[in-house]
């Protein structure tokens, strides 16, 4: 029993004490151009961070999995489409456009642009005139030029060694998708009818994005914040932003 306990404690200490990863550069907190330095560092590290870091217990964020997304086209009296087993790719190619630190208010503001591809399956149900229909198959979604405006709210936490770490306790995000493209395969086993339904979906793409956007952003930010939380437990404020 004691051997197992010591192994667990040893593993915990080895992870917690890893310090700053090699793919992240520190920035002096007294640098008058701190935001520029942090933006450059974040841009250089976002790819590796998104791919995960097993040694630090950081799971990959690309691809990102979302179980279900539900939309009604054009409303609840029309078609119901359930997108299942959604795998989002593209986060590792995200472009950070801006990054600002407000050390007094303890807020980190980030702006990012990303293109996301989603591979999934669908279940469609509804009526055409009075005839009930059902269909299922493979599907694909492309979200082009998705702009994310994110605020992270953090607090200072002191560890057992007296070192200060940042802890993110809240966040909010606003998003804007320039263009969304939907493609549902094998619709009703009828090529012509399937093309018409796909045309309807893409004609209402912004409405659909408005419906699934909160689910997408919620899942995305939950995963990002969890990984940031793990990393910030391992890296002290003095290591991240030395004097």
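All of the numbers you see were taken from the coordinates with simple rules; none came from a lab. Everything numeric in this text was worked out from a predicted model, so none of it was measured. So basically every Cβ, Gly included, is an ideal-geometry build from the backbone, and we count neighbours across all protein chains shown.
For the chain, the mean residue ellipticity at 222 nm estimated from helices alone is -11000 deg cm²/dmol, where every DSSP H run of n ≥ 4 contributes -39500 (n - 2.57) and the total is divided by all residues, rounded to the nearest 500.
Beyond 18 Å, the tail of the calculated P(r) for region 19-81 holds 59 percent of the Cα pairs. What number in nm² do you get for region 94-224 if you take the convex hull of its Cα atoms and divide its surface by four? Quarter of the Cα hull surface area: 10.8 nm². Arranged from fewest to most other beta-carbon atoms within 10 Å of their beta carbon, 101, 140, 83 become 140, 101, 83. Most tightly packed first, judged by the mean number of other beta-carbon atoms within 10 Å of their residues, the peptides 86-96, 155-165, 189-199 read 86-96, 189-199, 155-165.
Taking the average, over residues, of other Cβ atoms within 10 Å as the packing measure, peptides 228-236, 50-58 rank 228-236, 50-58 from highest down. Kirkwood-type hydrodynamic radius, region 2-240: 20.2 Å, calculated from all non-identical alpha-carbon pairs. Using a cutoff of 8 angstrom between alpha carbon atoms and counting only pairs six or more residues apart, the relative contact order for region 110-203 works out to 27 percent. Here 43, 127 are placed in order of increasing Cβ neighbour count within 10 Å, fewest first, which gives 127, 43. For region 188-235, the mean projected area of the C-alpha convex hull, equal to one quarter of the hull surface, is 5.0 nm².
In a GNM of the chain with a 10 Å cut-off on Cα contacts, which of 103, 221, 69 has the highest mean-square fluctuation? Ranking 103, 221, 69 by mean-square fluctuation puts 103 first.
Taking every alpha-carbon pair under 8 Å whose residues sit at least 6 apart, the chain reaches a relative contact order of 20 percent.
Cα centroids of region 86-102 and region 198-220: 19 Å apart.
Between the Cα long axis of helix 34-51 and the first principal axis of the chain there is an angle of about 60°, rounded to the nearest 10.
As a proxy for reagent exposure, 28, 135 were ordered by neighbouring Cβ count within 10 angstrom, fewest first; the result is 28, 135.
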